[in-house]
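The values are calculated or read from the model by the stated rules, or taken from the named source; none is laboratory data. Just so it is clear, the model here is predicted, and its values are computed rather than measured. Methodologically, a virtual Cβ is constructed for each residue, glycine included, from the backbone with ideal geometry; neighbour enumeration extends over all protein chains shown. Only protein heavy atoms, including side chains, enter the accessible area calculation; ligands, DNA and RNA are left aside. Shrake-Rupley method; radii C 1.70, N 1.55, O 1.52, S 1.80 Å.
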Amino acid sequence: PKTDAPEYRQLMIDKLRENNVEEFRSLFFELHPYDQAKFFLKLDQPDRMLLYQILSPEEMANVFENIRDDKNRYKSLLEEMHPAFAAKMMEYMYADDAADVLSELTKEKISSYLTIMDAQTAKSISELLDYEQFTAGSIMTTEFVAINANYTVQSTMDLLRKEAPDAETIYYLYVIDEEKHLVGVLSLRDLIVHEDDTLIADIMKKKVYSVSVADDQEEVARKMKDYNFLALPVVDFQHRLVGIITVDDIIDVLDEEASDDYSKLAAVSDVDSYDPN
Ligand code: ATP
Ligand code: MG
């Protein structure tokens, strides 16, 4: 059956229940992570428990990053997992997504997960959790590629080869100085059209548009839309590069704000149509 056919879904459930790991995995990984997430969300709890046995924390992280539309389920899903599995899974998620998941939990629960996570990862996640809601800092992620102006195209390519697997986007490369101040930017396209020995300083754009950690997320959305960037760098109060916000995060913001406005509207019309009799 085709991957979007109900029979395909049923086949996956059958393989899952038969504990036919190999065939289940080959069917499951045929799906785009968003569809993997949809499959996951529609499972009953006993089937989900089977899935946690079959998928690695890293694979589960990929699924979890795609259930953003169902934030209200984060908490219960996390709590049905083995805590060590859940913590590992969040280690593999992008820090902004992990922070988003954790923000649905109580302070005590959050720290119980953070303490069993890799210290470095736990630190970046908890810093993100400290930013005020609806600010750029609270929606940015810390997995970006930063280089120095004295790099060449070749040395940047070498670095990218190492860092690309973990970076949220490699489309823009940000240039920082020794104090981590944001001093330039170039796109992957800018990079690959130049000779290997070209200095980054000679090809980077020095006027860099950025947002501050404290800026409202709507301000970020507007800037991203006006300039048509796929990502924007986020700087702290000393103008040091501390994160990036990618366009997919902004789509989530706009979605949330649209539904907020919609519920306000709905609430108003409820009042209007209220009939005391
Ligand atoms: P183009 O549209 O010019 O063909 P592109 O498609 O490779 O370039 P875009 O995403 O359209 O890349 O970005 C256009 C240019 O903007 C790139 O050259 C990039 O270096 C630059 N740029 C990216 N981010 C920023 C930023 N935050 N501030 C200033 N310039 C930026
Ligand atoms: Mg372009």
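Suppose only helical runs count, i.e. DSSP H with n ≥ 4. What mean residue ellipticity at 222 nm does that imply for the chain under -39500 (n - 2.57) per run, divided by all residues and rounded to the nearest 500 deg cm²/dmol?
Taking each H run of at least 4 residues, the total per residue is -16000 deg cm²/dmol.
Based only on Cα atoms, what Rg/Rh ratio does the chain have, Rh being taken as Kirkwood's radius?
Rounded to two decimals, Rg/Rh equals 1.03.
At 1.4 Å probe size, with the rest of the protein present, what percent of the exposed accessible area of region 18-93 is carbon and sulfur atoms?
46 percent
For region 146-252, calculate the relative contact order in percent as a whole number, restricting contacts to Cα pairs under 8 Å that are 6 or more residues apart.
Answer for region 146-252 is 26 percent.
Given N residues in region 146-252, what is Rg(Cα) / (2.2 N^0.38 Å)?
Output field value: 1.05.
Before I look further, what does region 134-206 give for accessible area per residue, probe 1.4 Å, in whole square angstrom?
52 Å²
Could you run the Karplus curve 6.51 cos²θ - 1.76 cosθ + 1.60 with θ = phi - 60° over region 4-15 and give me ³J(HN,Hα) per residue in whole Hz, x for Gly and Pro?
9, 7, x, 5, 5, 4, 4, 4, 5, 4, 4, 4
Whole-Hz ³J(HN,Hα) for each residue in region 33-41, computed from phi via Karplus 6.51 cos²θ - 1.76 cosθ + 1.60 with θ = phi - 60°, x for glycine and proline: what do you get?
For region 33-41, the Karplus-derived couplings read x, 5, 6, 4, 5, 4, 4, 4, 5 Hz, x marking Gly and Pro.
Once the dipole of region 60-136 is set up with Lys and Arg at +1 and Asp and Glu at -1 on Cβ about the Cα centre, which of 67, 115, 125 lies farthest towards its positive end?
It is 115.
Longer than 19 Å from Cα to Cα, which of 162/225; 75/107; 88/123; 88/162; 2/71; 42/107 are they? Say none if no pair is.
162/225; 88/162; 2/71; 42/107
With an 8 Å Cα cut-off and a minimum separation of 6 or more residues, compute the relative contact order for region 205-249 in percent.
The value is 35 percent.
Defining a contact as two alpha carbons under 8 Å apart and six or more residues distant in sequence, what relative contact order in percent does the chain show?
Once divided by the residue count of the chain, the mean separation gives 13 percent.
Leaving ligands, DNA and RNA out of it, report the carbon-plus-sulfur percent of the accessible area of region 146-252 at a 1.4 Å probe.
The value for region 146-252 is 51 percent carbon and sulfur by accessible area.
How about residue 223: which lysines have a C-alpha closer than 23 Å to its C-alpha, ignoring those fewer than 8 places off in the same chain?
Of all the lysines, those that pass the test against residue 223 - Cα under 23 Å, at least 8 places apart if same chain - are 180, 205, 206, 207.
Can you give the accessible area of residue 189, probe radius 1.4 Å, in Å² rounded to 10?
The accessible area of residue 189 comes to roughly 150 Å².
Say a paramagnetic label sat at a point 7 Å from the Cα of residue 202, along Cα to Cβ; which residues of region 147-174 have their backbone N under 12 Å from it?
Those under the cut-off are 152-154.
Please report how far the C-alpha centroid of region 161-234 lies from that of region 69-122, rounded to the nearest whole angstrom.
29 Å
What net charge is computed for the residues neighbouring residue 190, neighbours being all others with C-beta under 15 Å from the C-beta of residue 190, Lys and Arg scored +1, Asp and Glu -1?
Neighbourhood net charge equals +1.
Can you give the net charge of the other residues whose Cβ lies under 15 Å from the Cβ of residue 175, counting K and R as +1 and D and E as -1?
-1
Is there a quick way to get the dipole size of the chain? I mean about its Cα centre, with the Cβ of Lys and Arg at +1 and of Asp and Glu at -1; what is the value in debye to the nearest 20?
360 debye
Distance in nm between label sites at residue 160 and residue 34, each 7 Å beyond Cα in the beta-carbon direction?
Here the modelled spin labels are 2.6 nm apart.
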